[in-house]
Every structure is written in C-alpha cells, then in structure tokens.
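Engineer: Mind having a look at this structure? Questions to follow.
The values are calculated or read from the model by the stated rules, or taken from the named source; none is laboratory data. Since the model is a prediction, treat every value here as computed from it, not as a measurement. Every residue, glycine among them, receives a Cβ derived from its backbone with ideal geometry; neighbour counts consider all protein chains shown. Only protein heavy atoms, including side chains, enter the accessible area calculation; ligands, DNA and RNA are left aside. Shrake-Rupley method; radii C 1.70, N 1.55, O 1.52, S 1.80 Å.
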Amino acid sequence: FDPDSRYWDIISRSVTNRLSELNVRACANIAWSFATINRPADDMFHGIERVAISKMRLFQPPGLSSLAWAYSTLGYDSLPLFENIADAAIPKLDKFKPQEKAMMALAYSRINYSFPYVFNEIASRSLHQIEQFGPLDTFNMIIAYAKVGHKSEQLMQALAEKVIHQPSHHFSPQMLVGIAWAYANTAHHTRPLFHAIAKSLLDNIHKLTANEIASVAWSYASVNCNHYGLFDALAEASEGKWPQFSAQSLANLAWAYSTMKEVRPL
C-alpha cells in the first residue's frame, strides 16, 4: 500500500479539524507517522503542538521520545515545545528504554536551540543501561553527542567499548563511517575503536560511496591513525568513483593523504 499525497492531505486536514479529540498517544502516533514518511503538514503539526503542550504531563516515555523525534525530523523545532518535552522527560528518564533515550538525544541534537542539561541527564542516566543498547541506539547516541559537541567522557568511552566488542556485522559500513567521523570530531580519541572500525571496513570497503571514502580518510587523518592497509584500500576503492566525489570530499581526501604520508602504519 503506497498512498499518494492526497491521502496524507486528507488525514492532516481531518486531524487539524478535530484537534480537541486527540489524546497524548494520538498526538505522538500521528506526528511519528508523518515524520517517518518525511511528510510535513504545517497546520496539523502546529495544532498538535498546542494540544501536546497543554497535556504534556500526561505523556509517557514512548510518547515523549516519539514526539521529539518527529518534530526534529521534519524541522519543526519550536522552542516552547522542546522546553516542555524536556521538563516532562527529565523526571521520567529512568523509565526510558535505551531506544527512547537515543531518540531523545538525536532529536535535541537536530534543533536550533541548546539544551546542555538534557544531554547531561541522558548521559548520566544511560551509563547503567549501555549493555542494553542495540547497534542503532548506540549509533544514534554517538552521532547526537558528537553533533552538539557535548563533552561526556564516560558515556563516549562506554559507547566506544560497546562498538569495539560487538560483532562487526552488527554495524553497517555506513554506521561505522559515521562513528569514525563522530569520534574524530570529539576530543575523545580511542585507538582501539579506530582499529576495530578499520578492521571491519577493510572487509566492506567496496560498499562505501565516494563521499564515505573521503569521510573515512578525513576521520583517520584527523586522529593521526594509519591502520595498516586502510589508506591503500581507500585509494583502490576510489578508482572509478572520481566523478561521484563532491568538491568538499575531494578536498578532504587530498588533505587526509597529504597529512598521513609521513605517518607509519600501525
């Protein structure tokens, strides 16, 4: 079933006309559904926001994380909404599942406002759950904290250990590229993590796009880590993909190889 745009327009108009009937679960579910298919609906989302704020104390962790994720995904970064979600979520954070905490972190990393206290609370109250984090939860947390530049040494170390000790096939090559980028962008550099990522990427180098190749090269050069054979493999994988590199990726690639030429492989 693949409904066309008219189907979603009908739903959004109908919801907008019946906002007073929405309970908190309906608010979260409708927002999540539209965000999942990347379908904005300004009038409906503004209306759901008003209803959600008026009933925020009634939301439970699944609804709070879904609401934050949906609004951030579609670029509806209303400050009053995210302030209210934060105020409702923080007292309940211990009841959030790992996926819900990761969704919250990712949502708050996407908006144009700074909420350091949200990231502080999520970090400190996630450490005891790290073993329960799945690969996607782990990836989303790492990306979120790196994107906002939030310093959380304990959390980032724990997440790095999670990546190192997980079977390599649990993380897709694209996820590993993102994780390498994230740790290269933070002050938290862990050699074992970069070597574990490189080992896995060497087996999947052909699956990387041109821009992902450049991202890996930039990440490893940024932390001065020349894993044996990685840069040779990246160069070989670049063959035939030169037209696919963006200008920025070409610049990053050139910088990475010029930086690493004097660094001995480890």
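Engineer: L74: open to solvent by less than 20 Å² (accessible area, probe 1.4 Å) and at pLDDT 95 or above, yes or no? Show your work before the answer.
Structural biologist: Numbers: open to solvent by less than 20 Å² (accessible area, probe 1.4 Å): no; at pLDDT 95 or above: yes.
No; evaluated as a whole, the condition is false for this residue.
Engineer: Another question, then. Across the stretch 216-261, what is the number of residues that are of a type outside the set (F, W, Y), over 19 Å from F194 (Cα atoms), assigned to a loop (DSSP other than H, G, I, E, B) and open to solvent by less than 70 Å² (accessible area, probe 1.4 Å)?
Structural biologist: Qualifying residue count for the region: 3.
Engineer: Within the bounds of the stretch 188-195, is there any residue that is β-branched (V, I, T), farther than 30 Å from G240 by Cα, surrounded by fewer than 20 Cβ atoms within 10 Å (Cβ to Cβ) and within 18 Å of the chain's Cα centre (by Cα)?
Structural biologist: Going through the stretch 188-195, the residues β-branched (V, I, T) turn out to be 190.
Adding the requirement that they be farther than 30 Å from G240 by Cα leaves 190.
If we keep only those that are surrounded by fewer than 20 Cβ atoms within 10 Å (Cβ to Cβ) too, we end up with 190.
Now narrow it down to the ones that are within 18 Å of the chain's Cα centre (by Cα): none.
No, the stretch 188-195 contains no residue that is β-branched (V, I, T), farther than 30 Å from G240 by Cα, surrounded by fewer than 20 Cβ atoms within 10 Å (Cβ to Cβ) and within 18 Å of the chain's Cα centre (by Cα).
Engineer: Between a first residue in the stretch 39-58 that is free of Cβ contacts under 8 Å to residues at least 12 places away in the same chain and a second residue that is of a type in the set (K, R) and open to solvent by 20 Å² or more (accessible area, probe 1.4 Å), which pairs have beta carbons less than 9 Å apart while being 6 or more apart in sequence or on different chains?
Structural biologist: Listed by first residue and then by second, the contacts come to nothing, as the list is empty.
Engineer: OK, next. Just for the stretch 89-114: of the residues that are more than 16 Å from the chain's Cα centre (by Cα) and open to solvent by less than 20 Å² (accessible area, probe 1.4 Å), which one is farthest from W32 (Cα to Cα)? Working first, answer last.
Structural biologist: So the first thing to find is which residues in the stretch 89-114 are more than 16 Å from the chain's Cα centre (by Cα), and the list is 89-97, 113-114.
Then drop every residue that is not open to solvent by less than 20 Å² (accessible area, probe 1.4 Å), which leaves 89, 93, 96.
On the way: A89: 17, L93: 20, F96: 17 Å.
Checked the stretch 89-114; the qualifying residue farthest from W32 (Cα to Cα) is L93.
Engineer: Okay, moving on. Any idea how many residues of the stretch 17-43 are assigned to a helix (DSSP H, G or I) and open to solvent by 60 Å² or more (accessible area, probe 1.4 Å)? Break it down into steps so the answer makes sense when it comes.
Structural biologist: Residues of the stretch 17-43 that are assigned to a helix (DSSP H, G or I), as a first pass: 17, 19-21, 24-36, 42-43.
Checking the rest, the ones that are also open to solvent by 60 Å² or more (accessible area, probe 1.4 Å) come to 17, 20-21, 25, 29, 32, 36, 42-43.
Residues meeting the conditions: 9.
Engineer: Go through the stretch 77-88 residue by residue and tally those that are assigned to a helix (DSSP H, G or I) and either over 20 Å from D42 (Cβ atoms) or open to solvent by 10 Å² or more (accessible area, probe 1.4 Å) (or both).
Structural biologist: Filtering the stretch 77-88 for residues assigned to a helix (DSSP H, G or I) gives 79-88.
From what is left, the residues that are either over 20 Å from D42 (Cβ atoms) or open to solvent by 10 Å² or more (accessible area, probe 1.4 Å) (or both) are 79-80, 83-84, 86-88.
The total comes to 7.
Engineer: Name every residue in the stretch 167-187 that is more than 25 Å from G149 (Cα to Cα) and either under 20 Å from the mean Cα position of the chain (by Cα) or in contact (Cβ under 8 Å) with a residue 24 or more places away in the chain (or both), in order of residue number. Break it down stepwise before answering.
Structural biologist: Quick first cut of the stretch 167-187, residues more than 25 Å from G149 (Cα to Cα) only: 167-170.
Listed by number, the residues that qualify are S168, H169, H170.
Engineer: May I pose another question? Filter the stretch 196-215 for residues that are surrounded by fewer than 16 Cβ atoms within 10 Å (Cβ to Cβ) and of a type in the set (D, E, K, R); which is nearest to M175 (Cα to Cα)?
Structural biologist: Filtering the stretch 196-215 for residues that are surrounded by fewer than 16 Cβ atoms within 10 Å (Cβ to Cβ) and of a type in the set (D, E, K, R), the one nearest to M175 (Cα to Cα) comes out as K207.
Engineer: Scan the stretch 38-61 and give yes if some residue there is of a type in the set (A, V, I, L, M), within 19 Å of the chain's Cα centre (by Cα) and within 21 Å of F115 (Cβ to Cβ), otherwise no.
Structural biologist: Kept after step one, since they are of a type in the set (A, V, I, L, M), are these residues of the stretch 38-61: 41, 44, 48, 51-53, 56, 58.
From what's left, within 19 Å of the chain's Cα centre (by Cα): none.
For the stretch 38-61, residues of a type in the set (A, V, I, L, M), within 19 Å of the chain's Cα centre (by Cα) and within 21 Å of F115 (Cβ to Cβ): absent.
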